[in-house]
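Worksheet: one structure, shown below.
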Amino acid sequence: MRSRISVTLEVKTHRGKKRLLVRFWHNIDILEYVRSLGGRYSQTHSCWYVNYSEDNIRYLKEQLVNYNVRLVNSSDEQANPQGKVAGNVAKGACAYIGKLTNLQKEEVKLYYQYLRGQRYSPNIIESYMIFVKSFLGFHKDKKSAYITITDIHKYNYEVIIKNGYSISYQRQFIGAIKLFFDYVTHCSFNTDELERPRKEYKLPTVLSKEEIRKILLCTTNLKHKAILGTIYSAGLRISEVLNLRIGDIDTLRRQIHVRNAKGRKDRYIKLSEANLLILKQYLPKYTPYRYLFEGPKQRKYSSSSVRQILGRSCKRAGIKKHVTPHTLRRSYATHLLELGIDLRYVQEFLGHKKPETTMIYTHISSEKVGNMANPLDELFKEELYKLANKHNNLSTEPALIRQNDWGY
């Protein structure tokens, strides 16, 4: 069983202001939550931080309910002056990042320049830099040219395996290290010998059409309804909907222009008639200046606000599933396939590079699964037919199969 990641929230004064330091062994989801609050990385403390406030503490605790969250009070600063991290986090990346030699720092700088030169996305650069800094810090007494594949296996076991981190995280680490030794510095082994573990195959959470309907009906604020409606009706990533500008909505051609999306690709998506009606009510009321959805002072709307909107609507709709804005995108793809839309078009609408990425939604289409014959039903077809007739002829039906509940 995978151990829960520890997250330490520590109150400190940093750059003349009271901050909330967030220490954790690198995790994409946690990083996204921190960045949604305007989080920045501190080289001094080797961790992420946000402005201190009770609201930020409460939000992080709500979002990180599946992690081991520990709040360190201000009084703990004297007992822990170096900002050391307790628990599982101390064994992870944060414990090694700040231990680089001057030579290693120069290599890290070259690695950063290489990644920037190859136009890797900011998120990938950030992740890969953390991986390499942690790895080099773990082997700070050994020059990069003398590192062996055994050293990589040792780090993998001591830091990743022992702390119970995911297969996808391990695969990212291998990718970052291979790139580092292929293009930045020489090594004593063939990087082709580094193998990634097989991917985990997990089916994503998808909402039914009725659940989507409930969410939108329970979203009473017009702006919030427009945001959620746009995400679902166009299958957008959260970054894509937040980057939409007013001019990207083409009402005449009924299209949405998604610019510079993942992989630096543009694409056009059909504009839903229902969503267009919502937007026609939204635009004159809120009069955004540049972005389609703006926050205070005409700034781009924040991803944390979108998550909070969706969370409140799901709660009002009585939906118990773990739902994120990306769940709306997955549901859009699944529902398109259930409507009989060709897989190639769905791939294009979603902006997927490979059809294999889109094909996962063919496995979770409830209508296709529901229409499939079951061999046990075939064996007892006559008995099921008689049982169905018996229920239809009952004058008083049991409470669990009343007509209003099941539609008989």
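The values are calculated or read from the model by the stated rules, or taken from the named source; none is laboratory data. In this text the structure is predicted, and so the values were computed from the model without any measurement. Neighbour counts run over all protein chains shown; Cβ positions are idealised from the backbone, glycine included.
Of all the criteria given as (1) over 15 Å from S303 (Cβ atoms); (2) touching a residue at least 40 places away in the same chain (Cβ under 8 Å), the one not satisfied by T44 is (2). You will find that of I278, I249, the residue that is β-branched (V, I, T) and farther than 27 Å from P122 by Cβ is I278 and no other. Exactly one residue out of L292, L328 is at pLDDT 85 or above and closer than 16 Å to V206 by Cβ: that is L328. When L207 is tested against (1) assigned to a loop (DSSP other than H, G, I, E, B); (2) exposed (fewer than 13 other Cβ atoms within 10 Å of the Cβ), just one condition goes unmet, and that condition is (2). T287 meets all of the listed conditions (1) in contact (Cβ under 8 Å) with a residue 12 or more places away in the chain; (2) surrounded by fewer than 12 Cβ atoms within 10 Å (Cβ to Cβ) but one, namely (1).
Among strands (runs of 3 or more DSSP E) entirely within the range 1-114, having at least 1 residues that are within 22 Å of V159 (Cβ to Cβ) and modelled with pLDDT of 80 or more singles out 6-14, 17-24, 40-42, 47-51. Is it the case that the range 214-232 has a residue that's among the β-branched types (V, I, T), touching a Phe, Trp or Tyr at 6+ places or on another chain (Cβ under 7 Å) and not in a helix (DSSP H, G or I)? No, the conditions are met nowhere in the range 214-232. When L339 is tested against (1) within 22 Å of the chain's Cα centre (by Cα); (2) modelled with pLDDT under 85; (3) under 28 Å from R259 (Cα atoms), just one condition goes unmet, and that condition is (1). Within the range 104-135, the set of residues being more than 26 Å from the chain's Cα centre (by Cα) and of a type in the set (D, E) comprises E106, E107. Just one of the listed residues (I256, I278, I319) is within 25 Å of L217 (Cβ to Cβ), modelled with pLDDT of 90 or more, assigned to a strand (DSSP E or B) and not assigned by TED's automatic domain parsing to the domain that holds N123, namely I256. Within the range 236-253, the set of residues being assigned to a loop (DSSP other than H, G, I, E, B) and free of Cβ contacts under 8 Å to residues at least 40 places away in the same chain comprises T251, L252, R253.
Please go through the range 281-301 and pick out each residue that is assigned to a loop (DSSP other than H, G, I, E, B) and farther than 22 Å from N123 by Cα.
T287, P288, Y289, R290, L292, F293, G295
For the range 160-178, which positions are assigned to a helix (DSSP H, G or I) and touching a residue at least 60 places away in the same chain (Cβ under 8 Å)? Residue satisfying the conditions is Y169 alone. For E240, the criteria (1) under 20 Å from the mean Cα position of the chain (by Cα); (2) of a type in the set (D, E); (3) within 15 Å of L310 (Cβ to Cβ) hold in every case but one, which is (3).
Confirm whether I278 is among the β-branched types (V, I, T) and closer than 26 Å to Y33 by Cα.
In short, no.
Taken over the range 115-159, the residue count meeting the criterion of being in a helix (DSSP H, G or I), over 15 Å from F181 (Cβ atoms) and of a type in the set (D, E, K, R) is 4. Look at the range 131-144: where a residue is over 16 Å from H186 (Cα atoms) and a partner is basic (K, R), sitting 6+ places away or on another chain with Cβ atoms under 6 Å, you get G137/K99; K140/K99.
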